[in-house]
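Here is the structure we will look at, set down as structure tokens.
The values are calculated or read from the model by the stated rules, or taken from the named source; none is laboratory data. Since the model is a prediction, treat every value here as computed from it, not as a measurement. Reconstructed Cβ throughout: ideal geometry from the backbone, glycine too, with neighbour counts over all protein chains shown. With ligands, DNA and RNA removed, areas are computed over all heavy atoms of the protein, side chains included. Shrake-Rupley method; radii C 1.70, N 1.55, O 1.52, S 1.80 Å.
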Amino acid sequence: MFAVEMRGIVKRFGDLVANDHINFELKQGEVHALLGENGAGKTTLMRILYGLYHADEGSIFVNGQQVSITSPKDAIALGIGMVSQHFTLVPPLTVAENVVLGYNPGIRLNPQQIQRRVAEAAERFGIEVKSDALVRHLSVGERQRVEILKALYRNARVLIMDEPTAVLVPQEVDILFETLLRLQREGLSVVFISHKLNEVMTICDRITVLRNGKNVGTVFKQDVSQSKLAQMMVGRETFGVTRQGERIQGEPVLRIENVSAVDNKGLPALKSVSLEVASGEILGIAGVSGNGQSELTHVLSGTMKPTSGKILVDGQDITGADPATITCAGVGRIPEDRHGGVVGELTVAENMTLETLDEYTQNGMLDRKRMLEYTNTLIEEFQIKARPTDRARTLSGGNMQKLILARTLARQPKVVLAAQPTRGLDVGATEYVRKKLLEQRERGAAVLLISEDLDEIMALSDRIAVIYEGKIVGILDAHEATPEKLGLLMTGAREVVSHA
Amino acid sequence: MLKFRIERAPSPVWMRPLLPLLAVLITFVVTSVFILLANANPLTAYYYYLTSPFTNRVSMIEILVKATPLILTGASVTIAFASGYWNIGAEGQLYAGALAAAWIGTVVGGWHPVLAILAMLLGGFLAGMVWASIPALLKVKLAVDEVVTTLLLNSVIVFIISALLNGPWRDPVSGWPQSPTIADSAVFPKLIPRSRLHLGFVVAVVMVLLIWFILSKTPLGLRMRASGLGQEAARFMGVNIQRTMLIAALLSGGIAGLAGVGEVAGIHFHLIDALSNGLGYTGIIAATLGGLNPFGAGVAAIFLGLLDTGAQSVSRSLGVPIFLGNVVQSTLLLVTLGVFMLQNYRIRRV
Ligand SMILES: Nc1ncnc2c1ncn2[C@@H]1O[C@H](COP(=O)(O)OP(=O)(O)OP(=O)(O)O)[C@@H](O)[C@H]1O
Ligand SMILES: [Mg+2]
């Protein structure tokens, strides 16, 4: 008997079949990975299990009983909990209040009592959170723990985690895995969605791979390798993408001179950062998340003004300029949060052309025909799974990222600013994005790659700058950079004078 | 035991036109209590409510007369809300337009009617724009929340007008607190003889077409919708949010100003301080019911005009207190809003 069994699940969105007769079985007490390319239908399947979507066909069994799940309330009653990527916590409330919210018998809340109960629960499940802390003071990792506690508090026996590690720093991933393994020993069943194959191989017992909405196989971890999984996912073999050839000594195109900035709390986040990126090179910025990468991205994108310093593109001063001016100056921007780079309610074509609307205007009117034609060309060139008239929010993560990539790179920018370009992307899409960035380098663009993924930085960069507490603490040439050296710099162990 | 639950699922398309009818039905059930308390037969009352506006030519046309300012304020609110600018000030902007029209109407005496009416429209539009520009500039320059400022300015202009009407502008002939009657050349021509339906209705339809055109056909409109639907992302994509909102706010104010012009030049022929009595606020309801779609808002405005007309004839013909009509009307508004919200849910048996 399975903790959960889904049989013949079909879900259609218009004429798109997101889930195509999927069978999925979750054993009692296992951690079961759900793998698949962006848009394969993983989130859709789990949203059906959690009652957020309704399957067009198929049936669901929980502990051998056929059930009808029409809302998350049903799912919770059946012991199913879900931690989605976008948290559903109320920031001004305390942890305890958030945990009991909507699950408090009676109307009156007794603060002391719920605090004690939640603290007890946290203790019992071994989840480290302070029950009286305000959620808005918590880090992303801590918030995620609150979400897990919230599910367990509602007696979840099955926990669905949709890309839980995409937002975590390595240390938090370790804590999450410890927690999950302990809960697993106590009989909790976990569905674990991730694009990171090494994580899947670390924590999961069995793996189900989806491709184009179909289940292409469920395997035991010991029977597969990472490359076998990658092959199952994309239907072909994948090879890591790495930089080829030495850097051609180009002219510096992007110059950042002594730039400082404050974060949204008004605290210093960038401290006199100076960098130069030459044409034809990729400069990687490595660092543990929260050390000023976001602010650097915003300052360069025109969505935040620096407090001092200068930014020049090809000699043109773009310090504090707005996004439109920066785009015109030849900077192509890939934002760290792709949802901040597209308007979900507008169509793919509208998002594709909004930056350059003047080119699609005739006699003061939008030239819809040309907008669609242009979008179709890019959809084909960048293999985006979407129609020009689809609303952007219906795109899977990978396809949304491709949309931004297409929009940005099609204009052949002089400078490419890529922030976390492969966050949340599947192996195939990751490979694709990296290939595109290398193409830009070949073309002679100056690429600034900001990433928390050290492997990505090492595979692509000609030079690597390390950012720590808002300062550049070292710049290394690719061949002198080792994970150990970078790791030391990233944790602020010592300052290295640049000789790159 | 039977158990039901509500789940999220959009209602099928064929049901949408039935929703207003459903709302009317629910309202009648709810309000029959009050009508019984007023010693009238609810069934008779509702019969009048629904049919009386259609029983004669005058009241059928009256629906459109009542709808005219609502179409304009609905359009005004639509373009602002669609751009993410929460203009609650259509009421005040309407008064600004009315004020301008009442003044222009007294100085265009000898002019050719075409010129006089153009001057009225232009002046009213500009006045609405100017009044709207105060909160709009505060918003885009100093990031002052527009909901508060637009709302506050509504009372301010009503006070200004009251002061004018009770002071320097009091009509010397009648002695009432109303402005002098506007010149004949400034009066809006009637669209249908022996009715109150005036040129303002045409202006309203043109404005609906205009904002539909702007929102769906022009780059400006796309930028407006982008900043309304996702301000941060739109900013990232180089949309100048400040400028876009400013334009939306000014257009919105101008269109609301036209509603004021219509009420002065087509209905009252002078300015009184009870000229609007909430037309600007009802415009918010029209825009919301219309789903921030210009045509939707127009249809909703006509529906609201029907309610208004019906409410008046019910109290007239049944001798029930006049405010009973308002009770029915306000209940209907609430129920309609509720029904429109609930159309995204379905009740299922479990
Ligand atoms: N609400 C929706 N309306 C229309 N299409 C949708 C909707 N939700 C998902 N889709 C489509 O269904 C397909 C599967 O999407 P889903 O989100 O399940 O993918 P996924 O496997 O979770 O991908 P990712 O790894 O990028 O998160 C995609 O093509 C997506 O565009
Ligand atoms: Mg997903």
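Between residue A:216 and residue A:393, what FRET efficiency comes out of the Förster formula 1/(1 + (r/R0)^6) with R0 = 41 Å and r the beta carbon distance, rounded to 0.05? For residue A:393 and residue A:216, the calculated efficiency is 0.90. At an R0 of 41 angstrom, the distance between the Cβ atoms of residue A:223 and residue A:103 translates into a FRET efficiency of 0.55. Short-range pairs are left out: with C-alpha atoms under 8 Å and at least six residues apart, the relative contact order of region A:2-234 is 28 percent. Ranking A:22, B:44, B:275 by Cα position along the charge dipole of the protein assembly as shown, where only Lys, Arg, Asp and Glu carry charges on their C-beta atoms, puts B:44 farthest toward the positive end.
Per residue, the protein assembly as shown reaches -15500 deg cm²/dmol at 222 nm when only DSSP H runs of four or more residues are counted, each adding -39500 (n - 2.57). For the peptides A:325-337, B:34-46, the ranking by mean Cβ contacts within 10 Å, running from highest to lowest, is A:325-337, B:34-46. Helix by helix, which DSSP H runs in chain B go 27 Å or more along their axis at the Cα atoms and have an average Kyte-Doolittle hydropathy of 0.0 or more? Span-like helices here: B:19-37, B:57-82, B:113-142, B:146-166, B:241-262, B:294-318, B:322-342. Taking a ≥ b ≥ c as the square roots of the Cα gyration tensor eigenvalues, region A:2-234 comes out prolate, since a/c reaches at least 1.5 and a/b is larger than b/c. Shielding value for B:185-195 is 0, the average number of Cβ atoms from other chains within 10 Å of each residue's Cβ.
Across the options A:296, A:464, A:207, the greatest Cα extent toward the positive end of the charge dipole of chain A (unit charges at beta carbon of Lys, Arg, Asp, Glu) belongs to A:207.
Approximating the spin labels as points 7 Å out from Cα along Cα→Cβ, the residue B:112-to-residue A:358 distance works out to 4.0 nm.
Can you bin region A:349-407 into rounded, prolate or oblate? Criterion: square roots of the alpha carbon gyration tensor eigenvalues sorted a ≥ b ≥ c, rounded for a/c under 1.5, prolate for a/b above b/c, oblate for the rest. It comes out prolate by the Cα gyration axes. Estimated from the Cβ-Cβ distance and a Förster radius of 25 angstrom, the FRET efficiency linking residue A:128 and residue A:201 is about 0.45.
Interface between chains B and A: roughly 2100 Å² of accessible area buried, both sides summed (probe 1.4 Å, protein heavy atoms only).
Based on the reciprocal of the average 1/r between different C-alpha atoms, the Kirkwood radius for region A:252-490 equals 18.2 Å.
Just the Cα atoms of chain B, one point each, no solvent: what log10 I(q)/I(0) does Debye give at q = 0.08, 0.12 Å⁻¹? Per q value, in the given order, log10 I(q)/I(0) is -0.43, -0.92.
The label-point distance for residue B:162 and residue A:258, in a model that sets each label 7 Å from Cα toward Cβ, rounds to 6.0 nm. Straight-line cross-link partners of residue A:228 among the aspartates and glutamates, defined as a Cα under 17 Å from its Cα and at least 8 positions apart when in the same chain: A:37, A:199, A:205, A:237, A:426, A:431.
So in region A:2-234, what percent of DSSP beta bridges are antiparallel if you round to the nearest 5? So the antiparallel bridges amount to about 55 percent of the total.
Across q = 0.10 Å⁻¹, the protein assembly as shown modelled as identical point scatterers on its alpha-carbon atoms has Debye log10 I(q)/I(0) values of -1.21, in the order of the q list. Directionally averaged projected area (region B:165-273, Cα convex hull): 9.7 nm². Subtracting the Cα-Cα distance of residue B:30 and residue B:217 from 0.36 nm times their residue separation leaves 63.0 nm of extension gain. Between residue A:260 and A:272, A:273, A:307, A:308, A:309, the built amide H atoms are under 5 Å apart, and every one of these is 5 or more places off in sequence or on another chain. Each Lys and Arg Cβ is given +1 and each Asp and Glu Cβ -1; about its Cα centre, chain A then shows a dipole of about 1040 debye.
So for chain A: antiparallel DSSP bridges make up what percent, rounded to the nearest 5? Among the beta bridges of chain A, antiparallel pairing accounts for roughly 55 percent.
As a length-normalised measure over Cα pairs under 8 Å and 6 or more apart, the relative contact order of chain B settles at 38 percent.
Shape class for chain A, computed from the alpha carbon gyration tensor (a ≥ b ≥ c): prolate, with a/c not under 1.5 and a/b above b/c.
Here the protein assembly as shown carries DSSP beta bridges of which approximately 60% are antiparallel, counting only pairs with both residues inside. Note on region A:252-490: with charges restricted to the Cβ of Lys and Arg (+1) and Asp and Glu (-1), its dipole about the Cα centre is near 400 debye.
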